[in-house]
Amino acid sequence: MRSSIRFTLFAAIAVLLFAPAIVAAPPTVPASLPYQGLLLDGLGAPRAGSVDLTVRVFDAVVGGALVYKQSFPAVSLADGVFSVQLGPVGEASDAPSNPLTTDLAIALGGDAGPTAPSRFLEVTVGSDGALTRTQILASAYALRATTAETANTATTAANATNVAGVAGLYMSEFFEHFNADGEAPPNFDASEGVADTDGDGLLNFVDSDNDGDTVSDQSELEVGSDINLVTPSITGTSPSTALFSSTGSVNVNGTFFQPPLSVVFGNQTPTPTSVTSTSFQVIVGPQPTGPASIQVTNANGQSDLLADAFTWVGSLPIPTFAHSVALNPVATLQGSLDARTGTNFVVYSGQKQYGVGNVTTGLLILPLASRGAGGQIATAFESSGRLNGLRCLASGTNCDVAVLADIDGDLTLEDETAIPIETETGTNAILNSATLDFDPSGRRVAGYQVSNGSTSTPMVAHDHSGDGDFDDTNEVVSAGSATSPGAIPSALAIDATGRVAYVRGAGAVLAAWDRNGDGDFEDTIGGNPELLTIAGVAPFCVGATFDSAGRLAVIYNAAGNMTLARDLNADGDFFDAGESTTLLPGAGNFCDIGWRSGQPLTVAYTSGSTIAVGMDKNDDGDFADGGESSSVPGASGVGLRLRLNGTTTAFLGYGGVIAAAPTN
């Protein structure tokens, strides 16, 4: 037997206790429930004659407890259709469920609305099995409403006798005139109402922050914001100042940023990148000296303005380095220096050991094995502050080049699982000229040379895909021709888009520069190859960085001259007018160069018994103008490394010493 059943369900009459106008008296609520269905035989034809029906109400769609029963003998069928009226009184028993309530309203447990208990109706036809249960939903009346005697007469607020003992008139006056949340507008205003916009469990009219953006409704109203839409908030920038003539990246911090954002930064409208709910980055500058305000507008139209959030300055002081922490016994050969975790924490590494510490409290010296007597290591911090190391672990006579990440946060790397880069085969294969860094997306980049006893091959490993390994296409590539074995000066530079340049001094100043960002160094762009010679002389030192305009800048000392080479016209070579400048004839053998957003190029190099430090404030490439240079007296400069940590400090590693200086 099949049955197609349609039935009318219950609904509570919503009587507005505090209705501002008189409404018509509600109709008398019936005490029964009409129920209608269609019975078909096994062939799908309407049944004829009459049938005995039994209707049961359960509290679950399957199983559950029986809460009501009513029988209807000899119900006539009209083309298979039957009609019965459930209630108001049912049967007292239905073994084994005894006793049963006989009151339909009580059995349904109240209004059949969203807060009522679930009830399911089951029909049995004669001796046939029970049909599938159907949930009782809402209809035009609710039986439970007949018991709300006071509310039945509350056609106006004045007629509501009381609510929990408080006269209805008082409740009406409270709702209309008292700001329950302590904020305007009044509770009867449509912009407040009884919705819960932010889902915090507080209805808007008692919630002082409807949209949950931590800005009070009152404050948002005062500045014309919508109290029901999330409003962004700017808390500051990093850095907070920059040289007026420079162009660079600024990180804007705050809360409730929602892409796509529109940004006004001083007199510019840059496109934000790397947007999260609490930060985004913009490339800005040059701009006039003085303070600049920042305005951020979310896609929903809500905005925030932070006046004088950033300052463009006319000049920056040259760092004056204070001698701080002795690095010995860390090797003083040219190694790596990093300080991205704060203004004090530094890492300096060379051969098989590194130091982690604070320029005011000291240094922790730790080992990191790297195969062979001359095997080198490199270390660097991720932006989160986690330490990473590059080394070559012995595998027989082979060299397994790998990166280690300090997963457990104990600053030691020997106990970590290696992330393989490649295996170099050959007698006495070792790692030298090691460098390690991270691109703007936080992906590892390593530049190094592996010597197999007869030749030394320059390599660059870059986790382009960001999956944490170096197994994908063009993630480990040659950075030029093999040379004679041995450590040579080298430097790694990464531009704002993640393109890599690896500069080395192998009989000449050579560069592998991935100008098209495809991960290799095999292309020719605009007539210039990605593997190029910057100068045809063997250097004692090299340093490399990208400046504010994304141009590659290289410092080197060759033939007795400290030289700065910059690709000023971005054509991929260094042979045009003004692209090579001698900084100091007869200079020493150590040098480095650095840049960070909002700062000029900064160089450090040895000169006699001092280290010269320069900032190219007017971007002319000579560091010879007024206020562009200073020196660190009494310093040998051995193993010189310069690092600008992205905030307010420059670090200098040299001759077994770490020194730090403010840069703005």
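The values are calculated or read from the model by the stated rules, or taken from the named source; none is laboratory data. None of these values were measured; they are calculated from a predicted model. Here the Cβ positions follow ideal geometry from the backbone for every residue, glycine too, while neighbour counts run over all protein chains shown. These area figures cover heavy atoms from the full protein model, side chains too; ligands, DNA and RNA do not enter into them. Shrake-Rupley method; radii C 1.70, N 1.55, O 1.52, S 1.80 Å.
Values computed for the structure shown
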read-out	value
Ranked order, 294, 419 - accessible area, probe 1.4 Å, largest first	419, 294
Sorted peptide list for 573-579, 587-593, criterion being average Cβ within 10 angstrom, highest first	587-593, 573-579
Rounded, prolate or oblate (a/c below 1.5 giving rounded, otherwise prolate when a/b exceeds b/c) for segment 544-600 by Cα gyration tensor	oblate
Value of relative contact order over segment 334-477, rounded to a whole percent, pairs C-alpha under 8 Å and six or more apart	16 percent
Distance (nanometres) between label positions extended 7 Å along Cα→Cβ at residue 386 and residue 78	7.6 nm
Rounded FRET efficiency, nearest 0.05, which uses the C-beta distance separating residue 98 from residue 38 and R0 of 45 Å	0.85
Rg/Rg_globular for segment 364-454, with Rg_globular taken as 2.2 N^0.38 Å and Rg from C-alpha atoms	1.05
Relative contact order (%) - criterion: Cα under 8 Å, at least six apart; region: segment 553-624	24 percent
Largest to smallest accessible area among 595, 312 [probe 1.4 Å]	595, 312
Along each principal axis, Cα extent of segment 195-261, largest first, Å	51, 22, 16
For segment 194-344, the fraction of alpha-carbon pairs in successive 10 Å shells from zero, as %	10, 30, 24, 18, 11, 5, 1, 0
Calculated on alpha-carbon atoms, Rg and Dmax of segment 385-532 in Å	15.0, 49
Peptides ranked, highest mean first, by Cβ atoms within 10 Å: ranges 479-486, 651-658, 38-45, 607-614	651-658, 607-614, 479-486, 38-45
Residue list for segment 209-225, given a label point 7 angstrom along the Cα-to-Cβ vector of residue 277 and an amide N cut-off under 19 Å	209-217
Most positive-pole-ward Cα, 440, 481, 403, against dipole of segment 389-490 from beta carbon charges	481
Normalised per residue, the volume of the convex hull around the Cα set of segment 433-481 (Å³)	79 Å³
Heavy-atom accessible area order for 203, 413, largest first, 1.4 Å probe	203, 413
Relative packing of peptides 227-234, 215-222 - highest average C-beta neighbours within 10 Å first	227-234, 215-222
Spherically averaged projected area of segment 265-395 from its Cα convex hull (nm²)	12.4 nm²
